[in-house]
1. Among the listed residues VAL111, VAL80, VAL106, VAL93, identify the single one that is assigned by TED's automatic domain parsing to the domain that holds ILE50, within 25 Å of VAL295 (Cα to Cα) and surrounded by 14 or more Cβ atoms within 10 Å (Cβ to Cβ).
2. Could you tell me how many of the residues in the stretch 120-153 are in a helix (DSSP H, G or I) and not assigned by TED's automatic domain parsing to the domain that holds GLN265?
3. Pairs please, first residue from the stretch 75-103 and within 26 Å of PRO309 (Cβ to Cβ), second anywhere and modelled with pLDDT under 95 and among the aromatic types (Phe, Trp, Tyr), Cβ atoms under 9 Å, 6+ apart in sequence or on different chains.
4. Just for strands (runs of 3 or more DSSP E) wholly inside the stretch 172-272: which have at least 2 residues that are in contact with a helix residue (DSSP H, G or I) (Cβ under 8 Å, 6 or more places away or on another chain), of a type in the set (Gly, Ala, Ser) and modelled with pLDDT of 95 or more?
5. Among the numbered criteria (1) out of contact with any Phe, Trp or Tyr (no Cβ under 6 Å at 6 or more places or on another chain); (2) buried (at least 21 other Cβ atoms within 10 Å of the Cβ); (3) under 17 Å from VAL239 (Cβ atoms), which one does GLY180 miss?
6. Can you tell me which residue within the stretch 236-255, out of those that are out of contact with any Ser or Thr (no Cβ under 9 Å at 6 or more places or on another chain) and in contact (Cβ under 8 Å) with a residue 12 or more places away in the chain, is nearest to THR145 (Cα to Cα)?
7. Which condition number does PRO169 fail, the rest of (1) touching a Phe, Trp or Tyr at 6+ places or on another chain (Cβ under 9 Å); (2) farther than 20 Å from TYR193 by Cβ; (3) touching a residue at least 40 places away in the same chain (Cβ under 8 Å) being met?
8. Could you please find all residues in the stretch 283-297 being more than 20 Å from THR40 (Cα to Cα) and either in a helix (DSSP H, G or I) or out of contact with any helix residue (DSSP H, G or I) (no Cβ under 7 Å at 6 or more places or on another chain) (or both)?
Amino acid sequence: MTTKSIGRLALLVVVLLGLGACGGRNGSATQSTRSATTMTLYTCVSDSTIQPVITAFEKSDPGSTVDLFRAPTGQLNARVAADTRSGGLRADVIWGCDPLTMQAFVEQRLVGGWIPAGADAIPAQYRTGNYVGAQLLYMVAVHRTTVPAPRSWSDLAGPGYAKVAVPDPTVAASALGALGWFAANPDYGMDFYRKLKSAGAVQVSTPDDVTTGVAQGIYDAGMTTSNSAYAAKKDGSPVDVVWPEPGAVAIYGPVALATHSAHAQVAKDFITFVTGDAGQRVIGASGTYPTRPGVPGPTIPTGAPIVHPDWTRIGTTKAAIELGYKQVFGG
């Protein structure tokens, strides 16, 4: 072999080795980038809200992506429980629909320990040192336009309604929050649910099921979320919406960082976005009530009464409240 041939062969070996090395580096970089910029989100927030939020976040933070698991609160709890039984929580962020559920996750040391630096822009009643409220639900009354409007919650247990629907608190976080408020209020307590049951009230699954049943004439009235009720009214259903005395029950949905997140920086970026001005505006534009003051959102009727549950107090009696409810409606 000539000296020239040997030189060409050596050059070919160097090139091939270089390509192999580059291939190895590119593969490693791709895997590293994927693990560093993709996070998993568990939530019960409606699809009409969560999808615009994810789209806006990914646009604001190029290269970051969100893997989504979305389900009603009952199914969300089941997913979290299954994770913990099989190696640990797989979510990087949990965005819940009520603070009672989120506090239970904190007590299990699944989430918490961090909130964004700008969280103080959100009212103190919607945050703790472990999670921050990102959106609000209001439990209101919906009724057929052919029956009288209930002026107070207690009217739903009166003679004016042949059949009333209530959502299941083991399925819907809004129903759980409302249950907590009624149970803790001395003017209502668990007797309120007993009176509803005695008057013929029926338990359904979710607030949307309540709204649909009232819209179809299956029920005269029911307890549902304002978003659901106003959507049905806007679509032309023969229903109307009431914010009953002493008030619609405000239930905030907290977002929290998983304590053992594998992608903590992207998760923190997501929470910061969701609770910041830009994310809150996306939430408001989607038809959900934001928690940040001054951010546009769905209309609240002028003078509408609103009550805010004492979540700490409710949390200490949650098990007893749920048991009391089951004794009335079963399940």
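The values are calculated or read from the model by the stated rules, or taken from the named source; none is laboratory data. Just so it is clear, the structure is predicted and the values come from calculations on it, not from any experiment. When we count neighbours, we look across all protein chains shown, and the Cβ atoms used for this are built from the backbone with ideal geometry, even at glycine.
1. Within the list VAL111, VAL80, VAL106, VAL93, the selection yields VAL93.
2. 1
3. ASP98/TRP311; PRO99/TRP311; LEU100/TRP311; GLN103/TRP311
4. 221-225, 248-257
5. (3)
6. VAL242
7. Unmet condition: (2).
8. Those that are more than 20 Å from THR40 (Cα to Cα) and either in a helix (DSSP H, G or I) or out of contact with any helix residue (DSSP H, G or I) (no Cβ under 7 Å at 6 or more places or on another chain) (or both): GLY284, ALA285, TYR289, PRO293, GLY294.
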